[in-house]
Amino acid sequence: MNGMFLFVVLPYLALLTLLLGSIYRYRYSGFQVSSLSSQFLESKQLYFGNRPFHWGLIFLFFGHLTAFLVPRSMLAWNQVPIRLQILEFTALAFGFIVLTGLILLIIRRIKTKRLHVVTTRMDIFVYLLLLVQVVSGLWTAYFFRWGSSWFAMVLTPYLYSILKFNPDVAAVTQLPFMVRVHIVSAFILVGMIPFTRFMHFLVYPFAYLWRPYQLVVWNYKKT
Amino acid sequence: MKHGRILGLLVILVFGGMKTQGQSSGENLFQSTCAACHTINKGKLVGPDLSRIYDKRDQTWLVDFIRSSQKMIANGDSLAVALFQEYNQIPMPDNQLTDSDILAIISYIRTVDSSEPAIVQPQETDAGLASAVPPPDYQQQLVERGRRLFYGYEAFGNGASSCMSCHFLQDASLIGGGKLSLDLTSSYGRLGEAGVRAILANPPFPAMNVALRNKNLTEDELEAITAMLWQINEENTGKPKQSGDGFIFLVLSLILAMFFMIHLYLFYDHRKLPA
């Protein structure tokens, strides 16, 4: 893999695309800035795929973010081996949860015929990209373990060097192949946010937290 | 079209304004990249003495080898493979040096050679560098401190993280060190005291170099880690390699994942809407 393109040009392209693409999408298709829900078409399988997938991702996303924003705190936590192991076991467990959720969602998408009508090419791309991301992440966590520590030591300085417009790719280009796949697919994911259903990252409905309650009445059949 | 032009302009602005890693002099590059494992006219360290290397090897070969010896070994270059075998199969790390950086290093070696008289080095034995060093006699207390530093029970003075973040040792730990980098169990046997200390003091491996930047190990920490590596090498010489207890890591994580998943099922609203 060409280190200069993948670890210098690609991250800048991803950030630029995220910025300009999001502005473009807000301006020209403001009412579509979200993901198209398919809950009305199929809800049970959605629940069992969607819940583990999103809960797992939220944990893993904030885990990665912590190692990026406060690497010293992460390393201080990991200084004691048992704490490192608790964190890594939990992170790997959430990785498996995400993979299970993703596989269930892919099966649902393929087997439920009525969903084919609302599935775009970009949705298929999103599934494939997520599959690469999750599998390479699990591979990294297991075969190159204690990533929570070495991310903070090796990848955080690289990401900071990108943000400071002084990229230092010496270390990142030497990392194992699957780790590089995980990093590159993350950049592609960031860059594709404005053009895919990933867009709903940016419009999380925080207002739900303080808006007045709405009473919803369902006529359930007792089971 | 208009948007395309604006985007193009922005890309040019971003990349045009970017500062890449600065050019350094041959001496600085030699010290930061090569000196951990090589000397000029001072004998073998981890790798060969580089004195008069420009006379011994073709320049194109030298540039290719310095940039990526591992690629040349993989491609079956006979000389590269022979060197790899001769130096205990310790791979020289690939690097991001440009042609001009490499030529600057060669030029620096030439300068050092011209300023110092050549010393004929005694021939090393086939068994490599480690055997040439007399066996050290480290105190058990020092070995124990090295183990504590390795696993993080004792913090490094200058803020470096514990070695177990990336490295693994074949010892009695239930779930041991990390697997990003090399298993260090036999590192002392392969590198010898000088090699271990050289790599710890000035890591030639890019990821380790970044991890230890501005966090140099103190002299007594270097000694403790070296002592611990000597001990672990002594204990494991001739023993079969262990897999690294990844199985426990995998099984415990899967159990934890199942535990979470069961809760998702319990929370599902099993009532049905009327038909």
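A few points about this structure:
- Among residues of region A:161-200, those that are within 16 Å of B:ALA207 (Cβ to Cβ) and either assigned to a helix (DSSP H, G or I) or open to solvent by 20 Å² or more (accessible area, probe 1.4 Å) (or both), counted: 13
- Only one of the numbered conditions (1) farther than 21 Å from A:PRO11 by Cβ; (2) under 21 Å from the mean Cα position of the chain (by Cα); (3) open to solvent by 50 Å² or more (accessible area, probe 1.4 Å); (4) more than 14 Å from chain B (Cβ to nearest Cβ) is not met by A:VAL203, and that is (3).
- Scanning region B:251-271 for residues that are under 12 Å from A:ARG51 (Cα atoms) and within 7 Å of chain A (Cβ to nearest Cβ) gives B:PHE260, B:MET261, B:LEU264, B:TYR268.
- Any chance B:ARG213 is free of Cβ contacts under 8 Å to residues at least 12 places away in the same chain, basic (Lys, Arg), farther than 30 Å from A:ARG51 by Cβ and open to solvent by 40 Å² or more (accessible area, probe 1.4 Å): yes
- Helices (runs of 4 or more DSSP H) fully within region A:1-94 that include at least 2 residues being of a type in the set (A, V, I, L, M, F, W, C) and modelled with pLDDT of 95 or more: A:10-28, A:44-69.
- Exclusive hit being facing chain B (nearest Cβ under 10 Å) and either touching a Cys at 6+ places or on another chain (Cβ under 7 Å) or buried (at least 21 other Cβ atoms within 10 Å of the Cβ) (or both), set A:LEU99, A:LEU84: A:LEU84
- Selection from region B:19-56 of residues that are among the acidic types (Asp, Glu) and either modelled with pLDDT under 85 or within 23 Å of the chain's Cα centre (by Cα) (or both): B:GLU27, B:ASP49
- Scope region B:251-275; condition modelled with pLDDT of 85 or more and either surrounded by 15 or more Cβ atoms within 10 Å (Cβ to Cβ) or basic (Lys, Arg) (or both); matching residues: B:LEU252, B:SER253, B:LEU256, B:ALA257, B:PHE260, B:MET261
- Hits in region A:206-223 - residues which are open to solvent by 100 Å² or more (accessible area, probe 1.4 Å) and either within 16 Å of A:THR17 (Cα to Cα) or within 14 Å of chain B (Cβ to nearest Cβ) (or both): A:VAL217, A:TRP218, A:ASN219, A:LYS221, A:LYS222, A:THR223
- Scanning region A:112-160 for residues that are within 18 Å of A:PHE94 (Cα to Cα) and charged (D, E, K, R) returns a single hit, A:ARG145.
- For region A:1-47, residues that are among the charged types (D, E, K, R) and either more than 12 Å from chain B (Cβ to nearest Cβ) or surrounded by 15 or more Cβ atoms within 10 Å (Cβ to Cβ) (or both) total 2.
- If you go through region A:48-67 and keep only what is open to solvent by less than 50 Å² (accessible area, probe 1.4 Å) and either closer than 26 Å to B:PHE150 by Cβ or over 19 Å from the mean Cα position of the chain (by Cα) (or both), you end up with A:GLY63, A:ALA67.
- Matching helices (runs of 4 or more DSSP H) fully within region B:144-244 where at least 1 residues are under 18 Å from the mean Cα position of the chain (by Cα) and within 9 Å of chain A (Cβ to nearest Cβ): B:206-211
- Listed conditions (1) touching a helix residue (DSSP H, G or I) at 6+ places or on another chain (Cβ under 9 Å); (2) surrounded by fewer than 20 Cβ atoms within 10 Å (Cβ to Cβ) are all met by B:SER161, apart from (2).
The values are calculated or read from the model by the stated rules, or taken from the named source; none is laboratory data. Bear in mind that the values here come from a model prediction, so they are computed numbers and not experimental data. Counting neighbours? That spans all protein chains shown, and the Cβs are built from the backbone with ideal geometry, glycine included. Heads up: the accessible areas ignore ligands, DNA and RNA and are worked out on the full protein's heavy atoms, side chains in. Shrake-Rupley method; radii C 1.70, N 1.55, O 1.52, S 1.80 Å.
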